[in-house]
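The block underneath contains the structure these notes are about, expressed in structure tokens.
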Amino acid sequence: MHQVILGRTGLRISPLVFGTLPLGPLQANLSPAEGGRLIRHALERGVTMLDTAELYGSYPHVREALAGYAGPVVIASKTHANTAEIARAHVERALRELGRERVDIIHLHGARVRDPFTERAEVLEELLRMKAEGKIGHVGLSSHYIAAIRAAADHPEIEVVHPLINRIGMGILDGTAEEMADAIAACARTGTGVYAMKALAGGNLIAEARQSFAYVLGLAGVHGIAIGMLSEGEIDANVALFSGIAPEPAVWEELEQKRRRLRIMEAFCKGCGVCIDACTNHALSVVDGTARVDEEACILCGYCGAACPEFIIRVV
Ligand code: SF4
Ligand code: SF4
């Protein structure tokens, strides 16, 4: 697969970025061996960037995939910490569990933070300190907020952004897809690297996957898209698509019929409502003492699953 330069980081990446969230306990809950085999399959076909996070629980899968692998790879992870101390602990854990001396990119994981530069200022300072110590290659920002991505364009210390965008704007918390595209373009003008998330709106655009990827890849300034992949067939189809090889219609038609959904094991729900606060898309409610999801509003981000004290929410 061809490689592109991720803005002023100078990193060479494949435009198809392996999103590891679905491999971990919040979603498919594959074993590290199973998940590692899928990641390795992608690496051997030219994928050179992996996206993970403290929250995803997929460090063991990434480590397994990289055991004995000598090819190029860029790893991006994220910390959702609120304090400098926790941010440092998250980065140290990433280094330890990934078995590396440096993580190429650490994002301030700011999905639900409108103004990370004031609300998480101490976290950003700590990440920059760890960059100076050589533990982080580049500091980035991941966000569902247009305002945060727009602000990143004015912050030269943010070298990469990971914005949520898809052609229907689903999951963007403060505006439209067009407005997010403008914010991305502003970042690109300053040389910021950009790789997008949720191009399929968490599976809601799966029936039009090819057009949806083309929309995001066609936006000014977008270098790549993180895509969660759960089978070798899905990896091969995406590698072909991103390599400009005419897609196999039958393979794509099958993939585009797959639908994932949020599963709440209602029998074990305590009705506490913690998950409701975790959902920025207002897709959850408690009805008659049990959590319910509005599938029209859910982007399958998995944050509610991470928040639920009973561990009874999964994307399946
Ligand atoms: S219901 Fe859960 S998975 Fe769906 S958008 Fe809300 S937090 Fe994300
Ligand atoms: S956080 Fe878990 S236990 Fe609490 S209401 Fe939501 S699904 Fe039920």
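The values are calculated or read from the model by the stated rules, or taken from the named source; none is laboratory data. Just so it is clear, the structure is predicted and the values come from calculations on it, not from any experiment. As a convention, Cβ positions derive from the backbone with ideal geometry for all residues, glycine included, and neighbour counts pool all protein chains shown.
Here are the numbers for the structure shown:
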{"item": "Some residue of the range 263-278 being under 21 Å from L205 (Cβ atoms) and either among the hydrophobic types (A, V, I, L, M, F, W, C) or surrounded by 14 or more Cβ atoms within 10 Å (Cβ to Cβ) (or both)", "result": "no"}
{"item": "So I235, is it in contact (Cβ under 8 Å) with a residue 12 or more places away in the chain, assigned to a helix (DSSP H, G or I) and assigned by TED's automatic domain parsing to the domain that holds A297", "result": "no"}
{"item": "Breaking point among (1) away from ligand 1 (no atom under 16 Å from the Cβ); (2) closer than 26 Å to R40 by Cα; (3) buried (at least 22 other Cβ atoms within 10 Å of the Cβ); (4) among the hydrophobic types (A, V, I, L, M, F, W, C), for L217", "result": "(3)"}
{"item": "The range 84-108, residues that are touching a helix residue (DSSP H, G or I) at 6+ places or on another chain (Cβ under 6 Å) and either in a helix (DSSP H, G or I) or of a type in the set (V, I, T) (or both)", "result": "A84, A87, R88, H90, V91, E97, L98, V103, I106"}
{"item": "Subset of the range 293-313 [within 12 Å of ligand 2 (Cβ to nearest atom) and surrounded by 14 or more Cβ atoms within 10 Å (Cβ to Cβ)]", "result": "V293, Y303, C304, G305, A306, A307, C308, E310, I312, I313"}
{"item": "Subset of the range 279-291 that is surrounded by 14 or more Cβ atoms within 10 Å (Cβ to Cβ) and touching a residue at least 12 places away in the same chain (Cβ under 8 Å) - its residue that is farthest from ligand 1 (Cβ to nearest atom)", "result": "T290"}
